[in-house]
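Trainee: I am attaching a structure below and will ask some questions about it afterwards.
The values are calculated or read from the model by the stated rules, or taken from the named source; none is laboratory data. All values reported here derive from a predicted model rather than from experimental measurement. Backbone-built Cβ (ideal geometry, glycine too); neighbour counts: all protein chains shown.
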Amino acid sequence: MTSSDILLHDLNDEGILRLTLNDVKRRNALSEAMLCAVGAVFDAAGKNPAVRVIILAANGPAFCAGHDLKEMTAGRANEDGGKSYFASVMAMCSGVMQGIVNCPKPVIAEVTGIATAAGCQLVASCDLAIAAETAQFSTPGVHIGLFCSTPMVALSRNVSNKHAMEMLLTGDMTSATRAAEIGLVNRVAPEDMLQDATMEMARKIASKSSMTLATGKRAFYAQREMTLAEAYDYASGVMVDNMLARDAEEGIGAFIEKRAPKWQDI
């Protein structure tokens, strides 16, 4: 399958880009081809002014089953036992996850089926997530002697330490309802209403200034890694620059004048 076959994309006139993982036979595993496709599309979407919000969905019974273990195992035939190949794949995957976080456009995961290991990491790397009632999540590496160390990075930045450790140490499946309770997803919807729920959120976000959204997303992830004092210093500077932007002047003026703002995304 080509990259265009395994990752479908559709951009509507509201600026909502819908990406759909479509390697159903491999349960949408993060093969090298899938990682390349996802990374390239997110990079392009981040630079495309026509894109305002990105939805990441999937076809088939699995949202994403994580790394392609058959592909990974084949790497053991290399002279070094697969070490350099494994390092390359992990670096590629980490780059894709960081690319989603660093993408200036808000990203919503629309989850059906199972999201396991790096698939769970993929959900956790998105800014928002809405799951079908039947969706399930897990970091099951411990079952096969392989701790989910890279999924741990995204997971532990979404849920509390103890909830993250429970998932990582047991490898048990987590229901969509429980995932919402611990903060892995924002909300749960009946499967036949999932796309409507995701689109409702996407449209609400797409109606905002894309400059403001990009500013806020970048600042959110940056300040999270700082001390309290550093975060306030940084956020204050961001706020000053944001106040000087054209869309902030327009938005505040529109609020005072009780009219709808006219965004220029600058």
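Trainee: Within segment 239-254, how many residues are more than 15 Å from S207 (Cα to Cα) and either assigned to a helix (DSSP H, G or I) or in contact (Cβ under 8 Å) with a residue 24 or more places away in the chain (or both)?
Mentor: Result for segment 239-254: 10.
Trainee: Okay, moving on. Please determine whether any residue of segment 130-138 is surrounded by fewer than 21 Cβ atoms within 10 Å (Cβ to Cβ) and part of a helix (DSSP H, G or I).
Mentor: Checked segment 130-138: no residue is surrounded by fewer than 21 Cβ atoms within 10 Å (Cβ to Cβ) and part of a helix (DSSP H, G or I).
Trainee: Among all residue pairs at least 6 apart or on different chains, which show Cβ distances below 6 Å where the first residue, located in segment 72-87, is more than 16 Å from A33 (Cα to Cα) and the second is of a type in the set (G, A, S) and outside any helix (DSSP H, G or I)?
Mentor: R76/G82
Trainee: Ok, one more. Which condition number in (1) more than 13 Å from the chain's Cα centre (by Cα); (2) surrounded by 15 or more Cβ atoms within 10 Å (Cβ to Cβ) is the one that I54 fails?
Mentor: Among (1) more than 13 Å from the chain's Cα centre (by Cα); (2) surrounded by 15 or more Cβ atoms within 10 Å (Cβ to Cβ), the lone unmet condition for I54 is (1).
Trainee: Pairs only if they're at least six apart or on different chains, beta carbon under 9 angstrom, first in segment 212-236 and more than 20 Å from K105 (Cα to Cα) and outside any helix (DSSP H, G or I), second modelled with pLDDT of 95 or more and among the aromatic types (F, W, Y); list them, first residue then second.
Mentor: M226/Y232; M226/Y234
Trainee: Taking into account only those residues within segment 9-37 that are of a type in the set (A, V, I, L, M) and part of a helix (DSSP H, G or I), which is surrounded by the fewest Cβ atoms within 10 Å (Cβ to Cβ)?
Mentor: Checked segment 9-37; the qualifying residue surrounded by the fewest Cβ atoms within 10 Å (Cβ to Cβ) is V24.
Trainee: Looking only at segment 18-60, which residues are within 20 Å of R203 (Cα to Cα), free of Cβ contacts under 8 Å to residues at least 60 places away in the same chain and hydrophobic (A, V, I, L, M, F, W, C)?
Mentor: Those that are within 20 Å of R203 (Cα to Cα), free of Cβ contacts under 8 Å to residues at least 60 places away in the same chain and hydrophobic (A, V, I, L, M, F, W, C): L19, A50, V51, I54, A58.
Trainee: Restricting segment 43-93 to residues that are touching a helix residue (DSSP H, G or I) at 6+ places or on another chain (Cβ under 9 Å) and of a type in the set (V, I, T), which is farthest from L213 (Cα to Cα)?
Mentor: That would be V89.
Trainee: Out of A254, A164, I need the residue that is under 24 Å from the mean Cα position of the chain (by Cα) and either surrounded by fewer than 18 Cβ atoms within 10 Å (Cβ to Cβ) or modelled with pLDDT of 95 or more (or both). Which one?
Mentor: Step by step, each of A254, A164 is checked, and only A164 is under 24 Å from the mean Cα position of the chain (by Cα) and either surrounded by fewer than 18 Cβ atoms within 10 Å (Cβ to Cβ) or modelled with pLDDT of 95 or more (or both).
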